[in-house]
1. How large is ³J(HN,Hα), in whole Hz, for each residue of the range 183-192 in order, when computed from phi with the Karplus curve 6.51 cos²θ - 1.76 cosθ + 1.60 and θ = phi - 60°, using x for Gly and Pro?
2. Provide the gained length on full extension for the span Phe258 to Leu130, in nm with one decimal, where the gain is 0.36 nm per separating residue minus the Cα-Cα distance.
3. Have a look at Leu229, Leu73, Leu286 and tell me which one the Gaussian network model of the chain (Cα, springs below 10 Å) gives the largest fluctuation.
4. Let me confirm the definition first: pairs of Lys residues in the chain, 8 or more apart or on different chains, C-alpha distance under 21 Å. How many are there?
5. Provide the FRET efficiency to the nearest 0.05 for the Lys79-Met333 pair, computing r from the beta carbons and using R0 = 35 Å.
6. Using only helices, what value at 222 nm comes out for the chain when you add -39,500 (n - 2.57) per DSSP H run of length 4 or more and divide by the total residues, to the nearest 500 deg cm²/dmol?
7. For the ranges 129-141, 179-191, 112-124, what's the packing order if you count other beta-carbon atoms within 10 Å of each residue, average per peptide, and put the highest first?
8. If you roll a 1.4 Å probe over the chain with all protein chains in place, what percent of the accessible area is carbon or sulfur?
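The values are calculated or read from the model by the stated rules, or taken from the named source; none is laboratory data. On a predicted model such as this, the values are computed, not experimentally measured, just so you know. Cβ: placed from backbone, ideal geometry, glycine included. Neighbour counts: every protein chain shown. These area figures cover heavy atoms from the full protein model, side chains too; ligands, DNA and RNA do not enter into them. Shrake-Rupley method; radii C 1.70, N 1.55, O 1.52, S 1.80 Å.
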Amino acid sequence: MKNEKVTIAGAGIVIGLIAVLLVFFGNPANMGFCIACFVRDTAGALGLHSAAAVQYIRPEIIGLVLGSCIIALATKEFKPRGGSAPFTRFILGVFVAIGCLMFLGCPFRMILRIAGGDLNAVLGLVGFALGILAGVFFLKRGYTLKRSYKMPKAEGFLFPAVEILFLILLAAAPSFIHFTEAGGGPGAMHAAVLISLAAGLIVGALAQKTRLCMVGGVRDVILFGEWKLLLGFLAILISALLGNVILTAVTGTPYIHFGFAGQPVAHTDALWNILGMLLAGFGCVLLGGCPLRQLVLAGEGNTDSAVAVLGILVGAAFAHNFGLASSGEGPTMNGKVAVIVGILVITLIAAANTKKEG
């Protein structure tokens with residue numbers, strides 16, 4: 001157990017430093033990694049939404065899936081499974097994306113925002129913990145989406161194959177793929193393709209071996225008093241914070257700024273930062289893992305997680321097509337309504353899939 005904790009902490013340190021370096025090489029500030037934002041950018045590149053500022057096939061997502069797949073194959077952990085309430089998982093994925101884009105970041109980016117001094121993300125963390133508590137309430141009462149079933153290997157390879165197709169489209173850049181023009185927004189801010197892909201491969205491999213999951217970490221602390229998984233994200237926070245401090249000292253460019261106002265790709269509406277991450281945390285508990293974990297599981301051949309990722313993709317597209325996503329100026333009325341509806345829908349899903357013993 002001690003060696004396992006050291007491995008998880010070491011992986012967290014490496015992942016935190018990689019996230020900081022991705023910002024140094026061109027990714028948006030405090031966004032070395034953001035699963036929700038990067039899936040949204042990919043959705044825009046594929047024409048699923050028309051927000052020109054956020055359209056780019058993110059190689060980090062491709063690398064995460066392929067890195068997980070490669071390690072799973074090498075260690076004989078590639079075990080295609082699925083069939084556990086797929087449409088429910090799709091709907092949960094949609095609302096997780098809406099919650100994340102209300103806050104403007106997934107749980108991974110929430111940690112990176114805190115490491116960059118963004119105190120709005122601390123409020124997001126409060127909401128995230130409340131959402132996990134809500135999920136744990138139902139877990140203790142027997143919530144389940146039923147068992148999954150063994151699938152053919154070909155089924156498990158489909159999602160990694162789709163990511164390879166996306167990589168080909170990124171490299172070929174056909175006319176039907178959308179790219180944010182230089183200076184046009186977060187979609188135009190990215191590290192070189194090979195750097196981003198390599199970063200994704202490393203993080204995907206490390207996350208697969210250590211089972212890193214922010215939701216799982218907090219859930220395990222609440223249910224079992226087990227800090228093992230959460231240790232990895234604490235390591236990410238510390239290493240990213242130190243990396244930002246070092247880069248600021250070496251380059252003279254501020255990579256860290258403590259406060260609420262003026263934070264990159266963030267807003268200061270406390271209530272909706274909390275409620276957005278409450279929705280995301282609640283939905284992720286019901287899915288069985290955060291967006292990062294869903295991508296890693298999809299790389300291992302888990303088709304239930306692949307369906308959840310498709311839900312996140314569609315939810316991110318909806319968020320921009322219907323004005324649900326926040327901006328630096330704050331949340332929209334449409335977004336507020338969507339978050340409240342999401343909390344209600346997810347509560348109904350949790351209740352409908354909970355059977356009290358006896």
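1. After applying 6.51 cos²θ - 1.76 cosθ + 1.60, I find x, x, x, x, x, 8, 9, 7, 6, 4 Hz.
2. Gain on extension, Phe258 to Leu130, equals 43.7 nm.
3. Leu73
4. 18
5. 0.20
6. Only helices count here, giving -22000 deg cm²/dmol.
7. 112-124, 129-141, 179-191
8. Whole-percent figure for carbon plus sulfur exposure: 70.
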